[in-house]
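FYI, it's all coordinate maths here, none of it is from the lab. Remember, it's a predicted structure, so these values are computed and weren't measured experimentally. Here the Cβ positions follow ideal geometry from the backbone for every residue, glycine too, while neighbour counts run over all protein chains shown.
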C-alpha cells in the first residue's frame, strides 16, 4: 500500500507538471489534462494528509472562503438557479488553487512545474514567430469571418497576460545568472518574448501588465539601481519612446482612443467605459451583498437604458463583476485573497517568492480591464500556478529550510543562486536578502 501511494503521488505531481505546461494551449487540451489529474488525484488516496496540507495554507483557505461566498450568493440571487450554477462553475478556479497546493508536495516536482510554464512559453514563441515568417499557418481568431493572428493558442488578451508574466520571470533569471552562457540564454529568451509582446501582440492588457511588472522589478532591485538611477531613468524613457513610436501592435490600437470619444459603442475602450458605468449603477442598488451569484447579466440589462445595444454578463472588470454579484463583502474577500498571497510570498523560498509577487500584481492589474478570474484561460492559470507557488510555503525554522530541498538539488536548475542581484549581492531588498542568504 505504501508503494502504491508513493507511485500514485508521484504520478499525480507529474500530471500536475503536465497541467501547468498545457495551460497556455487550447482549452480542450487543458480540460483533458485536468481530467486526468483529477482522476489520479482521487485514486491516490491520502485524503486526510491532503486536507491538512490545504488547511495549513492560508492562501488555500482564503480561496475556499471566496468560493463559499459565491455558493452563499446563490441563495439570494435574482437569477434563475441554472444561471446561478453556471456562473458558480466559472469560479471553480477557486477550488483548483487549493487542489494544486495539495498536489505539489515535493520540491523537485514543484521546480519542474515552475519551469514547465517557461518551457511552454518558449514553445509558443517559436510557433508565433513561425507564423509571422510564414513557416506555419496563422492561428484562427474568428473562423467565420476569416480573421487570423500570429498569437498562438489563446486570445491576444490571455496570451499577452501569460507572456508579460513570463518576461518578468525570465528577467529575474537573467539578473541572477552566474555565467555568460546563462546570461546569453536568459537574455535571448527575455528579448524575444518582449519583442513578441510589444511588436506582435495587439492586446493592450499585456502591455500594461508588463509595464507594472517592470516597475515591480525595479522596486525589487532598487538597492542596486538607486546609485545609477539617472542612467536607468534615461534608458527606460528611451526604450519606452522607441517602442511606442515603432510598435505596429501599439500604433494599430491608438485610433481606438479617438473612436472612444466620437463613437464609444464602436470602440473597445468606449464599450468598456459604458460597461463600467452601467456596472456601477448595478452596484449602487445592491452595495453590501450584491444581487447574488449569476445575477449580473439580468441586473445589467435593467440599468443599460442609455446604451441598450450593449448588454453583457461580463463588464471586463473582475472587481465590478464580483461586487455586482456579492457586493462589498465579495470584493473584500477577493482583495483579501490578493493581500494574503502578497503577504505570504515573503515566506516562500527562491524563486517562488518573486514569482508569487509578480503573479499577484499581474492578476490584480489585469482584472482592472478584464474579468480574469471569470475567464477560463486566465483564471485556470492564476489558480494552478498560484497553487504550485504557494505549495512551497515552509513554516519550519530557518535551520531546517534547506533540508527538504536536498533531494532535488541535483535536478534543480542553477540559474537562481540565493542572495544574488544585479549589484553583486546587494540588489535584493534587505529583508529578503537576509533571508535568502541563510
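With the highest mean first, a sort of the peptides 158-164, 368-374, 8-14, 301-307 on other beta-carbon atoms found within 10 angstrom per residue produces 158-164, 368-374, 8-14, 301-307.
What do you get for Rg/Rh over the range 24-107 if you use C-alpha atoms and the Kirkwood form of Rh?
Taking Rh as the inverse mean 1/r over Cα pairs, Rg/Rh reads 1.03.
Could you sort the peptides 95-104, 328-337 by per-residue average Cβ neighbour count (10 Å cutoff), highest mean leading? Numbers along the way, then the final one.
On the way: 95-104: 24.3, 328-337: 18.3.
Final packing ranking: 95-104, 328-337.
The spacing between the range 68-127 and the range 201-232, judged by their C-alpha centroids, is 28 Å.
Extending 7 Å from the Cα toward the beta-carbon at both residue 27 and residue 329 defines two label points whose distance is 3.1 nm. Between residue 39 and residue 65, the simple spin-label model (points 7 angstrom out along Cα→Cβ) gives 3.7 nm.
Potential lengthening of the chain between residue 288 and residue 188 amounts to 31.0 nm, from the contour at 0.36 nm per residue minus the alpha-carbon distance.
Averaging over all projection directions, the Cα-based convex hull of the range 2-396 occupies 22.2 nm² in the image plane.
Between residue 195 and residue 219, what FRET efficiency follows from the Cβ-Cβ distance if R0 is 22 Å, with the result rounded to 0.05?
0.35
As a calculated quantity, the FRET efficiency between residue 307 and residue 234 at R0 = 56 Å, using C-beta atoms, amounts to about 0.80.
Hey, fewest Cβ within 10 Å first, where do 225, 321 land in order?
Numbers: 225 19, 321 30.
Sorted ascending by nearby Cβ count, the order is 225, 321.
Using 0.36 nm per residue and subtracting the Cα-Cα separation, the extra length available between residue 52 and residue 243 on full extension is 63.9 nm. As a rough guide to protection, the peptides 178-186, 19-27, 66-74 ranked by mean Cβ packing within 10 Å, highest first, stand as 19-27, 66-74, 178-186.
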